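These notes are about the structure you will find just below.
The values are calculated or read from the model by the stated rules, or taken from the named source; none is laboratory data. All figures in this text were calculated on a predicted structure; none of them were measured in a lab. Here the Cβ is made from the backbone with ideal geometry for all residues, glycine too, and neighbour counts use every protein chain on show.
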């Protein structure tokens, strides 16, 4: 079963929530009081793993063996890069206004999606490290799937997934943070991309089976119970405690993989109720939210926070709400007036239509 022509609106909602959590994870550095008020924010970067898993699922669900490598690379690059280019232009304007200097290589490496795969020094990786990793790891898995026959592919993806996850957990001292370090030519972010997309591959393999495709009322009730339990797990460990559920972040990844599969099947009460058009409207803006949140944060810190620190910290919940609201509105405008038209143009050109 493929979802190529089916919109998974509840997954759109997950993408939106994860984007917001990543925004708040970075916001803790701009307003340190937020980290004091919500100590569990230090683990919210685990949502990046969830994005990798979702991306891996859709990569292989939409995979076409007959597609040329050139076609895939160009489409993927032009899907990810244009918003980065717009971000860099606006960032350059911001730096010019605020009399700051940006290194030339910073722009070149980011524009070419090379800023976190071994070419850039740690100081130039930035918060957009996810994008180049997603691009290059997707290209890697595309080639693997194209080169090797199916009977070998599961084993190869399994070895890459388990190997990269094991190295990451050991090397990162059983914590959820860190993307700037490197082990010879391998960045931590690349390891996260390799095992995240690999897990997405196996979720797609499971999705193509008949598991939970058809359920009785009792089965749907059981799935609803599981969804509620998994969501409660994440609400507790990401919202109310700094304690990891075990010695590492691995349990987060496992729990999310189960929740994601249940949302794909859409048989439970929660996944079904979130399968609505509002979820899609919000989810559509998730990529723009991620790309432009640092620029909004820079502007907020430079023009508002440093001049009104006491007032903002006295009304921090309201400030965060207004901050997120402005960011979401900006992201939606960028999606509908930039991202969507560019994607349509690229799709039309790549398909040979005028």
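Things worth noting here:
- Qualifying positions in the stretch 133-185 - modelled with pLDDT under 85 and assigned to a loop (DSSP other than H, G, I, E, B): 172, 173, 174, 175, 176, 177, 178, 179, 180, 181, 184, 185
- Enumeration of residues in the stretch 59-78 that are surrounded by fewer than 18 Cβ atoms within 10 Å (Cβ to Cβ) and either in contact with a strand residue (DSSP E or B) (Cβ under 8 Å, 6 or more places away or on another chain) or in contact (Cβ under 8 Å) with a residue 12 or more places away in the chain (or both): 62, 63, 65, 69, 71, 73, 74, 75, 77, 78
- Among residues of the stretch 187-198 being over 14 Å from the mean Cα position of the chain (by Cα) and part of a helix (DSSP H, G or I), the one that is modelled with the lowest pLDDT is 188.
- Subset tally (residues that are modelled with pLDDT under 95, in contact with a helix residue (DSSP H, G or I) (Cβ under 7 Å, 6 or more places away or on another chain) and over 13 Å from residue 297 (Cβ atoms)) for the stretch 20-37: 3
- The C-beta contact set for the stretch 197-217 (first residue in contact (Cβ under 8 Å) with a residue 12 or more places away in the chain and at positive phi, second residue surrounded by fewer than 14 Cβ atoms within 10 Å (Cβ to Cβ) and assigned to a loop (DSSP other than H, G, I, E, B), distance under 7 angstrom, 6+ apart or interchain) is empty.
- Close pairs from the stretch 28-41: first surrounded by fewer than 16 Cβ atoms within 10 Å (Cβ to Cβ), partner in a loop (DSSP other than H, G, I, E, B), Cβ under 9 Å, at least 6 apart: 39/241; 39/242; 40/240; 40/241; 40/242; 40/243
- One residue stands out among those in the stretch 120-132 that are in contact with a strand residue (DSSP E or B) (Cβ under 9 Å, 6 or more places away or on another chain) and modelled with pLDDT under 85: the one that is surrounded by the most Cβ atoms within 10 Å (Cβ to Cβ), which is 125.
- For the stretch 213-224, the tally of residues that are touching a helix residue (DSSP H, G or I) at 6+ places or on another chain (Cβ under 9 Å) and modelled with pLDDT of 95 or more stands at 4.
- Residue match in the stretch 105-119 (condition: in contact with a helix residue (DSSP H, G or I) (Cβ under 7 Å, 6 or more places away or on another chain), modelled with pLDDT of 90 or more and either part of a loop (DSSP other than H, G, I, E, B) or under 27 Å from residue 9 (Cα atoms) (or both)): yes
- Residue 111 meets the conditions (1) without any contact (Cβ under 8 Å) to a residue 40 or more places away in the chain; (2) under 19 Å from the mean Cα position of the chain (by Cα); (3) crowded, with 18+ Cβ neighbours inside 10 Å in every case but one. The failed one is (3).
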